[in-house]
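What follows is a set of notes on a single structure, which appears directly below.
The values are calculated or read from the model by the stated rules, or taken from the named source; none is laboratory data. As the structure is a computational prediction, the values presented were derived from the model and not from experiment. Methodologically, a virtual Cβ is constructed for each residue, glycine included, from the backbone with ideal geometry; neighbour enumeration extends over all protein chains shown.
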Amino acid sequence: MGIDGENSVDFFLLHDNIRAEQVHNLPSCPVLKNFQQTVERRSVDLVLFVLEDSTRKVLQMSVGLLFHTLQKNITEAIDPSSPAEKARKLILYACHDTTLIPLLVALGTFDGKWPPYAADVTLELYQHRQSKEWFVRVSYRGEEQVVKGCKAGFCPLEEFLEVLSQYSVSPEEYNNLCSQMEEDWQTDS
């Protein structure tokens, strides 16, 4: 790419530019087109490197608040004492690709590829008609996923909530964790 050892490369910036040009049908730098796979691979490697450094804490900082909210929403949805008019049938969240990767890593479903533009994760809550047991099904880009700790695509709710609880943090816990990580970072610097 014509980059010497003295210049640093921001693979995220390059990756974002390449993706934006593709999505908006804009002309792209021919040299970058040749290195598109390398740029994507380096971007994925960098995210995974960050996530693997004290994985649990970093994942808690990345998706902990979302997992806490998901736990709360699911628990409210299955609570028979919740008023029917209060129960929501659909909840949508929007995020960036850099948030999808930690989400997929935490669920144990990351395929090692950068999420394409407009990628989606769908969580569906089901109740068995006869046994009344609850199940969660997770799909990524329309394909059913088997969440770590689950034996099949339809994961018993207790097992799914156990996966969420590994990384779930309340807003208060998040603030404490953030302060702790900032202190650790300042000590290391």
Sort out which residues of the stretch 71-123 are exposed (fewer than 12 other Cβ atoms within 10 Å of the Cβ), over 23 Å from Leu51 (Cα atoms) and not β-branched (Val, Ile, Thr), and write them in order of number. Asp79, Pro80, Ser81, Pro83, Ala84, Glu85, Lys86, Arg88, Lys89, Leu90, Leu92
Restricting attention to the stretch 119-156, and to residues there that are touching a residue at least 24 places away in the same chain (Cβ under 8 Å) and assigned to a loop (DSSP other than H, G, I, E, B), which single residue is farthest from Ala106 (Cα to Cα)? Glu133
Among the residues of the stretch 84-101, are any in a helix (DSSP H, G or I) and of a type in the set (Asp, Glu)? yes
Can you tell me how many residues in the stretch 156-167 are over 15 Å from Glu133 (Cβ atoms) and either aromatic (Phe, Trp, Tyr) or outside the structural domain of Ser131 (by TED's automatic domain parsing) (or both)? 1
Which number in (1) surrounded by 15 or more Cβ atoms within 10 Å (Cβ to Cβ); (2) assigned by TED's automatic domain parsing to the domain that holds Asp79 marks the one condition that Met181 misses? (2)
Leading residue by the ranking (modelled with the highest pLDDT) among those in the stretch 1-49 that are of a type in the set (D, E, K, R) and loosely packed, with under 15 Cβ neighbours inside 10 Å: Asp45
Does the stretch 50-69 hold any residues that are at pLDDT 85 or above and not small (Gly, Ala, Ser), and which are they? Lys57, Val58, Leu59, Gln60, Met61, Val63, Leu65, Leu66, Phe67, His68, Thr69
